[in-house]
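One structure is given below, encoded as structure tokens.
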Amino acid sequence: MKSRRFFQRYQLTLISYVTALALSSLIILTKSNLIIRNAINLKKDGESLTARYERIIPVLMEYYHIPGVCISVIKGGKEIWSSPFGYADVEKGIKMTTETFFRVESISKSVTAWGVSGLIEEGKIDPARPVEGYLNGWKFPEGKFSAEGITINSLLSHTSGLPLGDFTNRFSPAAEIPGLRESLSREAFIIREPGSSYSYSNVGFNLLQLVAEEVTGVSFSDYIGAFLLKPLGMSRSCYEWNAELESGLATAYDLKGNPVGPYVYPENGAGGLFSTIEDISKFVVAGVSGSDGQGQRLLSENTVAEMHTPLTQIHGIYGLVFSHYGRGHFIEYLDKSELAVSHGGQGYGWMSHYHLIPGTGDGIVILTNSQRSWPFFGFVLRDWAEWCGYKHIGMEVIPASELVLWLVVWTVMLISLAIILLNLLELFTGRRVFIILKKDISVKRLIRVAASVVIFIFLAWCSGQEYLFVSSLFHATTWTLGLTAAAVSLAILSIALTKKSPQKRVFLPDNKNDKIS
């Protein structure tokens, strides 16, 4: 009898929670598994990697709303396949081609590392020397930390203590653009002890640009062009805006799918390179161990190996994907043994990525004109790693995490909605009343109200931001995540502003003789 009355009293609560869990499981299966995974995880006997890409990439692009993609695959130090997908400009109906220009954003850091490594190999700079010795009068802004610990190696490995920098500092190509020194004087504040830990810094690589210009006496664009771009045959790569870019640059699309006009940064070292899929493939091939770099060896084998040698361990969110960082390269060990180097890039409306296994000469390059591409990269790289003979690759954690996030988000949302619904029903039936008397207000209730208000304020702030990391990483779940946070806030508020009625009622009596008190 007691168990029956317990169920009758709490059946609505139990049903609500069970329904929430069941519906969340159903949603995750239909939204992720049926839409994507049935198409992507289906392995066809004898299907080559390129045939698989031709089949699954359009599916992924449609799901993640990515307008255009270019991909190249490298095997044994040679590009074996390159293909465009989708549109360079959706509104104008311009198809993507392998000649389309992209902003490759932070892939520029690997290019900068090659240029700086060339100066190290020539003996023009010492990687262990304090960087201020190369700056001819430019000084770090005053701060609590000394700049003596900032070396070339610390800049190359993101351990300099410099900040990320203002990645929204963009300009129209026709605008008046601040100079490099002016930009660095505004941003190069030392925010942590140099050499103490890894912290991704665009400012650090822009400072390397200044070092290269001071040491060589020419512009960074001219130096990299002569040292690297021209010898590798990267004839469609540049830093300066020109007529070719005016007509051949793809249109970028932001997280909301809106087109983004062309822009440039005041600096080039961290993310200023424009390039094509074919040119970036040539650059990646140059890093293959024992190769001739398409006929031009720019650096000694030892210098290239030093760029691929871990200088610092990565912690935090980057550490979920990569274990270490070398000179301008992320580093991981596939199946805990095979060294792989990589770098990605993200700008306003652009994303890019390359991966290379120097020891085997296997690599891949992915360029997109959409800021929604991270999970897409994870799926593509997972298949590439499997094709290369490896079970896991760090980037596959992104689509896997997306699946988990969907489950968590929908479960929390539906439970929150169940709490709100239950409280409303109890208000309707008299089992719960609003808090209206001063004597009913407690510290606990005030904390709940404050928490609810803070969540709503945070959501309002998020809605006004041009860029949020979580939106870029898990764009497909962003709106649902926001709605879930709103539901949680309302659930907390419903608990804070109501209480059980002093006159408790049994919602469903056992029989006619049961009293409703």
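Looking across the stretch 139-156 at every residue that is touching a Ser or Thr at 6+ places or on another chain (Cβ under 9 Å) and surrounded by 24 or more Cβ atoms within 10 Å (Cβ to Cβ), the one that is farthest from G328 (Cα to Cα) is identified as I150.
Per-residue answers, yes or no, for (1) closer than 30 Å to P173 by Cα; (2) in a loop (DSSP other than H, G, I, E, B); (3) in the same structural domain as L210 (by TED's automatic domain parsing):
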| site | (1), (2), (3) |
| --- | --- |
| L255 | yes, yes, yes |
| D279 | yes, no, yes |
| S289 | no, yes, yes |
| L339 | no, no, yes |
| S342 | yes, no, yes |
| Q346 | yes, no, yes |
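Just to verify a result, which residue in the stretch 461-517, among those that are of a type in the set (F, W, Y), under 30 Å from W350 (Cα atoms) and surrounded by 12 or more Cβ atoms within 10 Å (Cβ to Cβ), is modelled with the highest pLDDT? Out of the qualifying residues, it is F474. Looking across the stretch 118-148, just one residue is under 32 Å from the mean Cα position of the chain (by Cα), closer than 24 Å to A226 by Cβ and not in a helix (DSSP H, G or I), and that is P127.
Yes or no, residue by residue, for (1) surrounded by 15 or more Cβ atoms within 10 Å (Cβ to Cβ); (2) within 23 Å of the chain's Cα centre (by Cα); (3) within 22 Å of F330 (Cβ to Cβ); (4) assigned by TED's automatic domain parsing to the domain that holds G319:
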| position | (1), (2), (3), (4) |
| --- | --- |
| E187 | yes, yes, no, yes |
| P194 | yes, no, yes, yes |
| F205 | yes, yes, yes, yes |
| L208 | yes, no, yes, yes |
| V218 | no, no, no, yes |
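A count restricted to the stretch 102-128 and to residues that are over 17 Å from T216 (Cα atoms) and charged (D, E, K, R) stands at 3. The residues of the stretch 321-360 that are surrounded by fewer than 24 Cβ atoms within 10 Å (Cβ to Cβ), over 24 Å from L208 (Cβ atoms), in contact with a Ser or Thr (Cβ under 8 Å, 6 or more places away or on another chain) and not aromatic (F, W, Y), listed by number, are E338, G359. Within the stretch 168-177, can one find any residue that is among the small types (G, A, S) and out of contact with any strand residue (DSSP E or B) (no Cβ under 9 Å at 6 or more places or on another chain)? Looking for residues that are among the small types (G, A, S) and out of contact with any strand residue (DSSP E or B) (no Cβ under 9 Å at 6 or more places or on another chain), one finds at least one in the stretch 168-177, hence yes. Listed by first and then second residue, the pairs with beta-carbon distance under 6 Å, at least 6 apart or on different chains, first residue in the stretch 44-67 and closer than 14 Å to W384 by Cβ, second not acidic (D, E), are L49/W387; T50/W81; I56/I40; I57/F85; L60/F376; L60/F379. Put simply, of F428, F458 the only residue that is assigned to a helix (DSSP H, G or I), out of contact with any strand residue (DSSP E or B) (no Cβ under 8 Å at 6 or more places or on another chain) and at pLDDT below 85 is F428.
Looking at this structure, is E187 without any contact (Cβ under 8 Å) to a residue 24 or more places away in the chain and of a type in the set (D, E, K, R)?
no
Is there a residue being among the aliphatic types (A, V, I, L, M) and either within 19 Å of V73 (Cβ to Cβ) or in contact with a Cys (Cβ under 7 Å, 6 or more places away or on another chain) (or both) anywhere in the stretch 390-412? Yes, the stretch 390-412 contains at least one residue that is among the aliphatic types (A, V, I, L, M) and either within 19 Å of V73 (Cβ to Cβ) or in contact with a Cys (Cβ under 7 Å, 6 or more places away or on another chain) (or both).
How many of the residues in the stretch 461-474 are closer than 17 Å to H65 by Cα and assigned to a helix (DSSP H, G or I)? Selection size over the stretch 461-474: 4. Taking the conditions exactly as written (over 20 Å from T112 (Cβ atoms), more than 26 Å from the chain's Cα centre (by Cα), assigned by TED's automatic domain parsing to the domain that holds Y354 and of a type outside the set (D, E)), does N242 satisfy them or not? Answer is yes for this residue. What do you reckon, is V412 outside the structural domain of V321 (by TED's automatic domain parsing), modelled with pLDDT of 80 or more and either on the phi < 0 side of the Ramachandran plot or touching a helix residue (DSSP H, G or I) at 6+ places or on another chain (Cβ under 8 Å) (or both)? For V412, the condition - outside the structural domain of V321 (by TED's automatic domain parsing), modelled with pLDDT of 80 or more and either on the phi < 0 side of the Ramachandran plot or touching a helix residue (DSSP H, G or I) at 6+ places or on another chain (Cβ under 8 Å) (or both) - is met. From the list S370, S337, the lone residue that is farther than 18 Å from A113 by Cα, among the polar types (S, T, N, Q) and without any contact (Cβ under 8 Å) to a residue 60 or more places away in the chain is S337. Screening the stretch 361-387 for residues that are part of a loop (DSSP other than H, G, I, E, B) and surrounded by 23 or more Cβ atoms within 10 Å (Cβ to Cβ) and picking the one that is farthest from the chain's Cα centre (by Cα) gives N369.
Just one of the numbered conditions (1) under 29 Å from the mean Cα position of the chain (by Cα); (2) assigned to a helix (DSSP H, G or I); (3) not hydrophobic (A, V, I, L, M, F, W, C) is not true of Y223: (1).
The values are calculated or read from the model by the stated rules, or taken from the named source; none is laboratory data. Remember, it's a predicted structure, so these values are computed and weren't measured experimentally. Here Cβ is always computed from backbone atoms with ideal geometry, including for glycine, and neighbour counts include all displayed protein chains.
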